[in-house]
Each structure stands twice: as C-alpha cells, then as structure tokens.
Amino acid sequence: MHLLSVFSLRNRALIALLTLVVGGFGAFALTTLKQDLFPSLNIPQLVIVTTYPGASPDVVETDVSTPIETAIQGVPDLDSTVATSTSGASTVSASFAYGTNIATAEQKVQLAINRLTTLPDAAQVNVLTGSLDDFPVIQIAITSNLDSDELSSRLEASTITDIQQLDGVREASLLGTTGKRVTITPDLKALAKNGFTSQSIRDALKNNGVLLAAGQITEDGQTLTVQAGQRLATADDIAALPLLGGRGPVTLPDGTVVKPDRFTIGDLADVAVVDNPVTGISRVNGEPALTISVTKTPDGNTVDVSKLVRDAIPDLEAAIGDGTKFTIVFDQAPYIQQSIESLATEGLLGLAFAVIVILVFLLSIRSTLVTAISIPLSVLITFLAMLATGYSLNVITLGALTIAIGRVVDDSIVVIENIKRHLGLGEEKLDAIKTGVREVATAVTASTVTTVAVFLPLALVSDITGELFRPFALTVTIALAASLFVALTIVPVLAFWFLKSPSAETIARAKAAAAEDSDELDRPTLLQRAYLPVIRWTLRFPAITLVLALIILAGSGALASTLKTNFIGSSGQNTLTVTQTLPAGTSLEATDDAATTVEDQLRKIR
C-alpha cells in the first residue's frame, strides 16, 4: 500500500488537483443530496381489498377471503398471508421475501385473482401496494365559511391542480369530502299497478347509458365513426329512461284497442342526487375541515416539496377566498431539518474536539493542520459516493457519518505521527515521509479493513432491518475507505508541504546520539510516563487483571439487558397522537361525542 504514497509524492501537482476536484464535487454533492427523514424503503407487501356490500363477516370469509387467500398461494416468493373479514369487506395482506420485485408480484397476484370464477358478482377487488414514499410529506387542513360541497368543488377545481404542478409532488388528494350519489326510490304500488317491478328499473339502467360502436360511414372522401347510445350525465337523464314491459294493449268489449301509457323511471320512482353517508368526521381546532394530503415522487426532496407547498399556501388561500384558512397539521420537513441540524452540530463538535485532541498529543500546529484537512476531505468523498449510489441525507446516513468522523482521522494520525517521528530522528523530509508511510501502511490498512468488516455485514442482513441499515453500513464503509485513501495519498503530500525539514542542528544531534548509543531518542513522553506504571502493574498481576476484565464484561452485559429497545426511537417530533378505543358497534354520533370531549381537554393544554 505504500506504493500509493510513493506515487502521490512523485505527482504532487496531480494530487493537489485531485484534492481540489474531489473537494469541489463533494461540496456540490452535499448541496444536491436529497433530504429525507429515513431511507426510502420498498416493503415487499401488498394488500388485496375486496368490498362485498351487505355481506356478513361469515359470508365474506367463506365467499371472498378464503378463495382469494387460496388463489395467491402459488405466487412465487410469497412468505405469508393474513386475511381479515368484516361486514361488507375483506382485507388480505400478502408478504413477500425481501428482494422481490413488488410490481411483478402485484401483476401475478392480479392474474391469480382474475382466474377465480367463484367470487360473487357484487365483489369488487383492488390490489394495493405502497412504500414510505406513499407517506404524506405534508397534510393541510382547510376550514372556510363556505359549505362543504362548495369548498370541495373549489379545492378540486384549482387548489389540487396547483399543488400537483409543484416540482417533486406526485399526488395531492382531497380527504373528507362528502361526495354525491344518485338514489332511485321506486313507488312499488305504482310499479305493480302498471305491470312493472323493481327489476324493470334495473333492466332500464343496464340497457342504457353506454356508447356502442355502430360502424363507419364513408362520404366525400372522409370516413366517420358512428356511435350509438348516450351517456347518462345527470339525474334527469336517468329519470327520463323509458321502462319496457308492463301491461300490454287492452281490447275493450266494443273492439277498441287501448295502448298503455309509456312510463319512464321518473314517473314511477323518485330519482334524486344526495350526499353519500357520512363515515368520518374531520375537525381542526373544533371546526369542520377538509384535508389535503401531499406525497412526493420517489426522486423528490421532502424538504424542498414541503417548502414549495408552504410558500404556495398564501396564494391558494386567496384564490379560494370566503374566509378560507389553510392549517398545516403534519409536515415531515421540520423533523428532518431538526434531525439533520442536530447530527450536523454533533459532527462538527466531534471534528473540533478531534482537532483539539490531535493538537494536544502531537504538540504541532502543522501536523494538526494536516490531519484536520483529512477529516472533511474524507467526508466530502463520502458525500460524492452517496450521490453516485442514490442515497439521501437522513438520520441513518448522518448517524453513520457522525460515527465515521471519529474513525476517519485515525489513519491520518498514525501516518503523520510516524512521519513526524522520523523527522525528529533527523532524516531528510522526503526520506522521512516515505519511510514513515511504509512502516505503518500495512497496519493502517489492516485496521481499516477490520473496522469495515464490522460494519459491512449489516448490508447483508435481510428483512426490513437490512433495508433500513444498508445505507448506514455502506456509508460507514465508504467513509473508512476514503480515510485510508486520503491517509496513504494526500496526507504524505500535505506533510511534504506543511511539515518543516529538520534543521542541521537537529540532524547533527540525532547522528551524535546514535553514534554514542544514547537512549535520548527513546526518552519516554509524558503520556508514556503516565501509562508505563499501569502496564507494569497489569503484567505483574495478570490474574487480577483478567478477573477485573471479566467483571467489567459481565457488568456490561447485565446493564445492556436493562436498556430500552425499539425499532426507530424518538426522532424529535413534537406531535402527540391520542387514540380512543370504543366498544364495537359504536355509532358515528357516539364516536363524535367521545372525540369532542377529548378535543376540548386537549385545547385547554397550553
């Protein structure tokens, strides 16, 4: 490995240029890296949601959940399935082995379900997938003096479109809208009197409201497509549909034939547009509200998307008017920025203390300067590698960098200290640098490789833990590899430029001491004088030393068992979530009353 230092010393200008280029591109990478709370995780799991209106849980289990769960068992790489059946709905969760292409798995699951011939006709099946990128970046609650329908209409017409046009936004969805539906309430007596049934209305709806291809007409050199039928756009269109059947023509005793009246759906039923049943209630500070949920594209920057949405809020409020107010109820960006700032502060403090410690032990400003330069240079190389590999700046990778800062300086310290020692022996600068690097090159390489061997296996762990900590392991590995490269190539060049050559007097004194076989050169330092009595005592009482070591090991293991364990831990968020558990079957009104009581208590907290 010392051949790298020889090459760098022979090409000092090239190394200087390389250092500037790496530093510049590393700084550019730092400003370009995406900022997220956690690394992007592609969880190999999908959910099959089936609605079966009116069916009891037992019927849903027998007719829907079991057939679907059985049908997908043959999909490759399927690990497990969990089925949940409730009134009118079935949910089947399918988990796959990590590394499975979830898009391909989704297609195969859909094909397996499409082959099912036993599912009820009324069952509607949807296959859903997701990842952490589907988690909202920001959620905005909207309150207004407008009624819910008018507010929803204005938001969907302008606000949603404006937000979706922002850079990095994948989707903006409006939640909490009531929605409309058409209800047909037949007059059963009138239907029976005129020879109709409810099925007559169903047949009329089934046979109308669609467009059919009716062929082509060629005229005057043009070929025109002909369509038959007309779509139903309003409730009046439905009400105007004719009913077929009923009582046939009646022949009177005098031979007169009386034809029955032509009836429409509107003549024998009430057709109306009504609100969908309310299944949930959303409030902000006690006022009814709608919610806009914004997600980002996989390549989007969470912090940038949040900033763009925040900056657009004043204009969006003004566009709606009528006392409309946008309130941010959830935003990932502040948590990300706080986490990044905290870790960056800790990293800078670690860098500062590392420099101070180096100065105290080397007692040389020039040597400290050389090692201090190697730390940010190694980190900038790491940023460049992170950009190339597609990693983002998040709490995991920043934690890896914080750990690496204390380690990346080790190689440079060993190299520069040995060079400084050879200079103190009176050797010429170039010879001292070559000899100093050659003596420790193998040691620092082995030390770095050993440390890499501790962290790198984390990248090979399977399941979600491996997906989450793979960026951590690779970031530490890249940082350590960069520190070794810097120590063996750039540090020798910096030492040649910054360290002073020994004076003639130093060289003469060193030669004289060597000629007289003096132990002056081996005179112990202050640190050695403090350490030597300790090592002499441990060598004199090895049994006691080993017993003490075992006691410390056992005590550490006992204390480790008392530590709290969790998956992620606190990320500094200042959001509190309160969950109420009510008896099964509690109505929406009762649930709303219980939630209102909690809201009132929370608003009293200041």
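The values are calculated or read from the model by the stated rules, or taken from the named source; none is laboratory data. Because the structure is a prediction, the values reported are computed rather than measured. All Cβ positions, even for glycine, are placed from backbone atoms using ideal geometry, and neighbour counts span all protein chains on display. Just the protein is used for accessible areas: all its heavy atoms, side chains included, with ligands, DNA and RNA removed. Shrake-Rupley method; radii C 1.70, N 1.55, O 1.52, S 1.80 Å.
Across region 449-469, the number of residues qualifying as open to solvent by 50 Å² or more (accessible area, probe 1.4 Å) and either touching a residue at least 40 places away in the same chain (Cβ under 8 Å) or touching a Cys at 6+ places or on another chain (Cβ under 7 Å) (or both) comes to 5. Has region 381-393 got any residue that is in contact with a Phe, Trp or Tyr (Cβ under 9 Å, 6 or more places away or on another chain), in a helix (DSSP H, G or I) and among the polar types (S, T, N, Q)? Taking every residue of region 381-393 in turn, none turns out to be in contact with a Phe, Trp or Tyr (Cβ under 9 Å, 6 or more places away or on another chain), in a helix (DSSP H, G or I) and among the polar types (S, T, N, Q).
Each row is one residue, and each column tells you yes or no for (1) more than 30 Å from residue 493 (Cβ to Cβ); (2) under 20 Å from the mean Cα position of the chain (by Cα); (3) not charged (D, E, K, R).
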| site | (1), (2), (3) |
| --- | --- |
| 311 | yes, no, no |
| 330 | yes, yes, yes |
| 334 | yes, yes, yes |
| 339 | yes, yes, yes |
| 348 | no, no, yes |
| 357 | no, no, yes |
| 360 | no, no, yes |
| 369 | no, no, yes |
| 387 | no, yes, yes |
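Residue 204 fulfils the conditions (1) at positive phi; (2) surrounded by 11 or more Cβ atoms within 10 Å (Cβ to Cβ) except for a single criterion, (1). From the set of residues in region 150-164 that are in contact (Cβ under 8 Å) with a residue 60 or more places away in the chain and over 28 Å from the mean Cα position of the chain (by Cα), which is surrounded by the fewest Cβ atoms within 10 Å (Cβ to Cβ)? Residue satisfying both the conditions and the ranking: 158.
Filtering region 112-136 to residues that are part of a loop (DSSP other than H, G, I, E, B) and surrounded by fewer than 17 Cβ atoms within 10 Å (Cβ to Cβ) leaves 115, 116, 117, 118, 120, 121, 122, 130, 131, 135.
For the structure I just gave you, tell me whether residue 15 is in contact with a strand residue (DSSP E or B) (Cβ under 9 Å, 6 or more places away or on another chain), open to solvent by less than 60 Å² (accessible area, probe 1.4 Å) and not charged (D, E, K, R). Against the criterion (in contact with a strand residue (DSSP E or B) (Cβ under 9 Å, 6 or more places away or on another chain), open to solvent by less than 60 Å² (accessible area, probe 1.4 Å) and not charged (D, E, K, R)), residue 15 does not qualify. Before we move on, is residue 484 at pLDDT 85 or above, in contact with an Asp or Glu (Cβ under 6 Å, 6 or more places away or on another chain), surrounded by 18 or more Cβ atoms within 10 Å (Cβ to Cβ) and of a type outside the set (Ser, Thr, Tyr)? It is true that residue 484 is at pLDDT 85 or above, in contact with an Asp or Glu (Cβ under 6 Å, 6 or more places away or on another chain), surrounded by 18 or more Cβ atoms within 10 Å (Cβ to Cβ) and of a type outside the set (Ser, Thr, Tyr).
With the condition kept exactly as written, say whether any residue in region 337-353 is outside any helix (DSSP H, G or I) and either open to solvent by 80 Å² or more (accessible area, probe 1.4 Å) or among the aliphatic types (A, V, I, L, M) (or both). Outline the logic, then answer.
Going through region 337-353, the residues outside any helix (DSSP H, G or I) turn out to be none.
No, there is no match, as no residue in region 337-353 is outside any helix (DSSP H, G or I) and either open to solvent by 80 Å² or more (accessible area, probe 1.4 Å) or among the aliphatic types (A, V, I, L, M) (or both).
Given the criteria more than 30 Å from residue 292 (Cβ to Cβ), modelled with pLDDT of 85 or more and in a helix (DSSP H, G or I), does residue 162 qualify? Considered against the rule, which asks whether it is more than 30 Å from residue 292 (Cβ to Cβ), modelled with pLDDT of 85 or more and in a helix (DSSP H, G or I), residue 162 comes out as no.
The criterion of being in a strand (DSSP E or B) and not charged (D, E, K, R) holds for residue 182. For region 359-380, the tally of residues that are assigned to a helix (DSSP H, G or I), among the hydroxyl-bearing types (Ser, Thr, Tyr) and closer than 25 Å to residue 423 by Cα stands at 4.
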